[in-house]
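Report on the following structure.
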Amino acid sequence: HEVSKQQSGAGRFIGERNFEPIAMPTWKDLAPRFGVVYDLFGNAKTALKFGLNRYNESRTTFFANRYNPLALSSASLSWTDVNGDDIAQGELGCTYLTPGCEINLAQMPSTFGRAQLNRVDPDFKRVYNIETTAGVQHELFPRVSVSANWYRRTFHRLRVTDNTLRTMSDYIPFDIFNPMTGEPMRIFDVSPAAVSRVDNFDTNAGDERKHVYTGFDLTLQARLPGGGTLFGGYVTEKNQRNICDEPDDPNMLLYCDDWQNDIPFRPTLKMAGTYPLKWGISVSAAFQSLAGRPLGLTTTTGNKISGPGYGDTGSPVGSNFLIQRTTRYPANCPAPCPAGALVAPTLTSASVTIPIVAPGTEFLPRINQLDLSFAKNFQVSGYRLQGQLDVFNVSNQNYATAFRSVNFATTAYQQPSSVLQGRMFRLGLQVRW
């Protein structure tokens, strides 16, 4: 129940390291699950369903690695191949570009190989969620059934990171303008006296920190005359979070309550079917209309630089404003924003990244995709053959599936970094004997 005492010998880029054991929490949690189904009319055609279940979040090597001081680290250094032998030469302490020193080791971070870890509360309780479900399933016609379901998931014991050496009073306020809307807003930068005071302590948040998932779905299953099948469903869902219990960084209070941020439900539709034709030919089709992911969705958590983090689950980010001492407002910044003026030339930090749109309210484009498949059966001697032609993304759509950056007014802002794969054909053959 601890990260063991560790020792690592000296290497080319770092000296010997020794770390004492780190106590870890011990968990013994129950996960009760209950479900009930009731035949409403006693004719096996209409069923009411209800479930109440607890799910404990998995915490194995991932959790321990978060506090492992020998976690993998990397750094990028300049290299000039002075003697042209294609070998990077240089040792710690050497002077860059002198004989035998082709690596600029002066660029090596002082913390390289010594992870700046958070401390963990030895009494940290395991995060869990309670899922409540209710639904109805009904046989609409012979071989055709429909169902409707409601889901609600509430997360408990969420993680919060507290820098125990700072308080809200350690931040200097700056009144700036939102470069997207021109509206005034207040941001904060750590004071010079507190910039080096860092002791991040991970513990369980109180009941004020919330994360609630709500979803609804409608599904259809049908066996068609002639041997065809049709199935699919419609789902609409949303996640809401409240992190307004942030203990020490006032920037985290921007858009901290999703119940005030007008987070929308996001619908998704999927339908698929297969139908046999004459001469051993069958055709299949699948259509999906997928809600675009929230901008900047990430599984990195507790990140105070890239916008509000929401505990231990993937979190949207939304449009940010990256502010450095030399950052100026965009030339088209709406009034009363002073277009072209310096934003905060007296910052203590090298940069501060501020959300300027509520996370979870901006999305990638909706993806509408149709795929088709054709199959033909053959009998050759004692072999059964099936030839298949698949066509993916029939309409050859090119929706953006990721953006290079969510930092507003930068050249990479909302510039696609990947798009939906174009129309693609696949030929296949199955042989059975």
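The values are calculated or read from the model by the stated rules, or taken from the named source; none is laboratory data. Bear in mind the structure is a predicted one, so any value in this text is a computation, not a measurement. Positions of Cβ are generated from backbone atoms using ideal geometry, with glycine treated the same way; all protein chains shown enter the neighbour counts. Note: areas computed on protein heavy atoms with side chains; ligands, DNA, RNA excluded. Shrake-Rupley method; radii C 1.70, N 1.55, O 1.52, S 1.80 Å.
Scanning region 358-367 turns up no residue that is at pLDDT 90 or above, more than 29 Å from the chain's Cα centre (by Cα) and either closer than 27 Å to E237 by Cα or open to solvent by less than 40 Å² (accessible area, probe 1.4 Å) (or both).
Given the residues T348, T353, which is the only one that is at pLDDT below 90, over 30 Å from S284 (Cβ atoms) and open to solvent by less than 60 Å² (accessible area, probe 1.4 Å)? Let's see the steps before the verdict.
Working: T353 fails: at pLDDT below 90.
Of the residues listed, the single one that is at pLDDT below 90, over 30 Å from S284 (Cβ atoms) and open to solvent by less than 60 Å² (accessible area, probe 1.4 Å) is T348.
Note on region 375-395: residues that are without any contact (Cβ under 8 Å) to a residue 40 or more places away in the chain, hydrophobic (A, V, I, L, M, F, W, C) and not in a loop (DSSP other than H, G, I, E, B) amount to 4. Summed over region 13-28, residues that are surrounded by 10 or more Cβ atoms within 10 Å (Cβ to Cβ), among the charged types (D, E, K, R) and part of a loop (DSSP other than H, G, I, E, B) total 1. Of the residues making up region 45-58, those that are more than 19 Å from R159 (Cα to Cα) and either free of Cβ contacts under 8 Å to residues at least 12 places away in the same chain or charged (D, E, K, R) (or both) are K45, K49. Annotation: of all residues in region 264-292 being of a type in the set (A, V, I, L, M, F, W, C) and outside any strand (DSSP E or B), the one that is surrounded by the most Cβ atoms within 10 Å (Cβ to Cβ) is A291. Evaluation of L40 against the conditions (1) out of contact with any helix residue (DSSP H, G or I) (no Cβ under 9 Å at 6 or more places or on another chain); (2) open to solvent by less than 40 Å² (accessible area, probe 1.4 Å); (3) of a type in the set (A, V, I, L, M) shows that the sole unmet condition is (2).
Can you tell me which residue in region 209-236 is farthest from G280 (Cα to Cα), limited to those that are touching a residue at least 40 places away in the same chain (Cβ under 8 Å) and open to solvent by 70 Å² or more (accessible area, probe 1.4 Å)?
Taking region 209-236 first, the residues touching a residue at least 40 places away in the same chain (Cβ under 8 Å) are 209-224, 226-232.
Filter once more, so that each one left must be open to solvent by 70 Å² or more (accessible area, probe 1.4 Å): 210, 216, 218, 221, 223, 231.
Working: K210: 56, F216: 39, L218: 33, Q221: 24, R223: 19, F231: 22 Å.
Per the criteria, the residue is K210.
Name every residue in region 165-202 that is of a type in the set (D, E, K, R), part of a loop (DSSP other than H, G, I, E, B) and open to solvent by 60 Å² or more (accessible area, probe 1.4 Å), in order of residue number.
Just the residues of region 165-202 that are of a type in the set (D, E, K, R), to begin with: 166, 170, 175, 183, 186, 189, 197, 199, 202.
Next, only the ones that are part of a loop (DSSP other than H, G, I, E, B) stay: 166, 183, 197, 199.
Within region 165-202, E183, R197 qualify.
Rundown of residues vs (1) in contact (Cβ under 8 Å) with a residue 60 or more places away in the chain; (2) aromatic (F, W, Y); (3) open to solvent by 40 Å² or more (accessible area, probe 1.4 Å), yes/no style:
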| site | (1), (2), (3) |
| --- | --- |
| T60 | no, no, yes |
| F63 | no, yes, no |
| N83 | no, no, yes |
| T95 | no, no, yes |
| P122 | yes, no, yes |
| R126 | yes, no, yes |
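Among the residues of region 243-253, is any without any contact (Cβ under 8 Å) to a residue 40 or more places away in the chain and of a type in the set (A, V, I, L, M)? Yes: region 243-253 contains one or more residues that are without any contact (Cβ under 8 Å) to a residue 40 or more places away in the chain and of a type in the set (A, V, I, L, M).
For region 331-345, a residue qualifies if it is in a loop (DSSP other than H, G, I, E, B) and either open to solvent by 20 Å² or more (accessible area, probe 1.4 Å) or acidic (D, E) (or both), and the qualifying residues are A331, N332, P334, A335, P336, P338, A339, G340, A341, P345.
For region 396-414, name all the residues that are outside any strand (DSSP E or B) and touching a strand residue (DSSP E or B) at 6+ places or on another chain (Cβ under 6 Å).
Initial filter on region 396-414 (outside any strand (DSSP E or B)): 396-399, 404, 406, 408-412, 414.
Listed by number, the residues that qualify are N398, Y399, R404, V406, F408, A412, Q414.
Condition check: assigned to a loop (DSSP other than H, G, I, E, B) and more than 30 Å from F34 (Cβ to Cβ). Does S74 satisfy that? Reasoning before the result, please.
Values: assigned to a loop (DSSP other than H, G, I, E, B): yes; more than 30 Å from F34 (Cβ to Cβ): yes.
The answer is yes for S74.
Being among the acidic types (D, E), within 30 Å of T133 (Cβ to Cβ) and open to solvent by less than 40 Å² (accessible area, probe 1.4 Å) is the requirement here; does E102 meet it? So E102 fails the test. Hey, could you check region 105-120 for residues that are among the polar types (S, T, N, Q) and assigned to a loop (DSSP other than H, G, I, E, B) and say which is least open to solvent (accessible area, probe 1.4 Å)? Residue satisfying both the conditions and the ranking: N118. At pLDDT 85 or above, part of a loop (DSSP other than H, G, I, E, B) and surrounded by 11 or more Cβ atoms within 10 Å (Cβ to Cβ): is that true of A31 in this structure? It is false that A31 is at pLDDT 85 or above, part of a loop (DSSP other than H, G, I, E, B) and surrounded by 11 or more Cβ atoms within 10 Å (Cβ to Cβ).
In the condition set (1) open to solvent by less than 90 Å² (accessible area, probe 1.4 Å); (2) farther than 30 Å from F34 by Cβ; (3) modelled with pLDDT of 90 or more, W79 is compliant with all but (1).
Within region 141-164, which residues are more than 30 Å from N129 (Cα to Cα) and crowded, with 16+ Cβ neighbours inside 10 Å? Matches in region 141-164: S145 only. L295 satisfies every condition listed in (1) modelled with pLDDT of 90 or more; (2) closer than 27 Å to M185 by Cα except (1).
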